[in-house]
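The values are calculated or read from the model by the stated rules, or taken from the named source; none is laboratory data. In this text the structure is predicted, and so the values were computed from the model without any measurement. In this analysis, Cβ positions are derived from the backbone assuming ideal geometry, glycine residues included, and neighbour counts consider all displayed protein chains. Each accessible area value is taken on the protein alone, full model and side chains, heavy atoms only, with ligands, DNA and RNA left out. Shrake-Rupley method; radii C 1.70, N 1.55, O 1.52, S 1.80 Å.
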Amino acid sequence: MSANAPEVIIIGAGTGGMCLAHGLRRAGIAVRVYERYRTRGDGLHGYRIGVGPTGNRALRECLSPELFAVYMATCARSPRYFNVLTEKMRVTASFPLRPETETDPVESDRAVSRMTLRQVLLTGMEDVVHFDKTFTHYEQNPNGRVTAFFADGTEVSGDLLVAADGTHSAIRRQYLPHARIQDAGSINIATKIPLTEHTRSLLTDEIREGISLIFGAGGLMGVLHVMEFNWDRYGVPKAGVGGNEATLIERWPGLLYDNTRDYINLIIWSAHHRFPPDVMRMRGEALVRLALDLTPNWHPHLRELFTLSDPHSCIPVKVATSEPVPPWQSSNVTLIGDAIHTMTPGRGVGANTALRDAALLCRQLVAVAAGEKPLPQAVADYEVEMLPYGFARVADSLANNGTSGDDPLYRPVVGRLALMAARGYFGLTSRVPPLRRRFVDEIYSRRGAHD
């Protein structure tokens, strides 16, 4: 390790923070990660995140080649269709995706279990990650160092403090108290249903092999996707899985901590007024019952999926988005991912943007270690590049997701016309080849294929 190499403290062992930690350690830069959850299996559900070319590039850059291969082997089967459904499960539109890109390690759109990706990123980092450490505040010291303090009374000092602690970042509250998180006006109920022969039979092949957006009447939306992995319910590689992938899975210690198995993810969402005031305190069976109450006219197969869901996996999510923050004077504190640019799921690029942040900041800190620039300049250069693309993604996601106040789909009267228009648009687009090709091109473009 160079004498110029900074000591880096990362708060939060999520996707962005751990990607950065891998990149720094590979470069010989001292890094320590502090995570509030007590163990590596706590705190996350097995919901899907999409990782596209932007995220794949960052992971390949920061992870060792062996661990990047494990990441690819542990992704779920990529969706083959993008479908648009009514609440009666009628397919309004279906867009064939590009399965040929699935074999490309970078130019591909990967379906990833959040819990599985967490276990991949924690692999081999036992000496780096410290669990059960709740950050409380930091102090910037006269000698240029920064000290992080934790609820258990301990503290740690380094040259740079990185906030990777998510939407409710304690570091952001202290460092950028004027940075605001805006309520996007909608609430999700997310459920996870084990994929069995019976639940598989409730879906058509087209729906089972795709990702499906549900445009329901009355401003109630949904999304459904099936996650199928390379291992069975016992954690053993499935028959037909390639020899190299099977070997990677068998040797990967992270599977011991990961309870992810094949599942169906079904999420519904709408504006706040559709939900009871205490929805964010509801869990388990109460949320399942609420989902059923909200969907009395949905197809019986969709309603049956709710009844068969794992109640422990059923959670409410209040959708939030960051308000743009003007540039600030850089220092020995910086932020990545949701800690600075929380975005709605409207574009599905939150994880990709956090990974892009991690790779960019890692490159800047490697330049410091090489003596090419001082640390303050490296942090400033990172922030100058990160802020424009980060908040551009925030704006894109919000425009695509809408809010209860400005999206006509959520309005009681004009909502019916907006619903007809949306279904008509997708139906026409899917039937006209040039429009269909352009739509699919846009899906891949917004995943970062042309960054």
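Once the range 337-365 is narrowed to residues that are surrounded by fewer than 24 Cβ atoms within 10 Å (Cβ to Cβ) and charged (D, E, K, R), the residue that is nearest to Tyr382 (Cα to Cα) is Arg363. If you go through the range 51-83, how many residues are crowded, with 22+ Cβ neighbours inside 10 Å, modelled with pLDDT under 95 and in a strand (DSSP E or B)? So the count comes out to 1.
Looking only at the range 297-315, which residues are free of Cβ contacts under 8 Å to residues at least 60 places away in the same chain, touching a helix residue (DSSP H, G or I) at 6+ places or on another chain (Cβ under 9 Å) and closer than 17 Å to Met221 by Cα? Give the derivation first.
Quick first cut of the range 297-315, residues free of Cβ contacts under 8 Å to residues at least 60 places away in the same chain only: 300, 303, 307, 311-312.
Right, trim to touching a helix residue (DSSP H, G or I) at 6+ places or on another chain (Cβ under 9 Å) and you get 303, 307, 311-312.
Arg303 - this is the single residue of the range 297-315 that is free of Cβ contacts under 8 Å to residues at least 60 places away in the same chain, touching a helix residue (DSSP H, G or I) at 6+ places or on another chain (Cβ under 9 Å) and closer than 17 Å to Met221 by Cα.
Of all residues in the range 1-28, those satisfying the criterion of being in contact (Cβ under 8 Å) with a residue 24 or more places away in the chain, out of contact with any helix residue (DSSP H, G or I) (no Cβ under 8 Å at 6 or more places or on another chain) and open to solvent by 10 Å² or more (accessible area, probe 1.4 Å) are Glu7, Arg25.
Within the range 145-197, track down each residue that is open to solvent by 40 Å² or more (accessible area, probe 1.4 Å), out of contact with any strand residue (DSSP E or B) (no Cβ under 9 Å at 6 or more places or on another chain), within 28 Å of Val317 (Cα to Cα) and not charged (D, E, K, R). Correct list: Pro177, His178, Thr196. In summary, Ile249 fulfils each of the numbered conditions (1) open to solvent by 20 Å² or more (accessible area, probe 1.4 Å); (2) touching a residue at least 24 places away in the same chain (Cβ under 8 Å); (3) more than 23 Å from Arg423 (Cβ to Cβ); (4) assigned to a helix (DSSP H, G or I) with the single exception of condition (1). The condition (being in contact (Cβ under 8 Å) with a residue 24 or more places away in the chain and surrounded by 20 or more Cβ atoms within 10 Å (Cβ to Cβ)) is satisfied by just one residue among Val91, Val31, Val128: Val31. Just one of the numbered conditions (1) in a loop (DSSP other than H, G, I, E, B); (2) in contact with a strand residue (DSSP E or B) (Cβ under 6 Å, 6 or more places away or on another chain); (3) within 22 Å of Gly390 (Cα to Cα) is not true of Ile10: (1).
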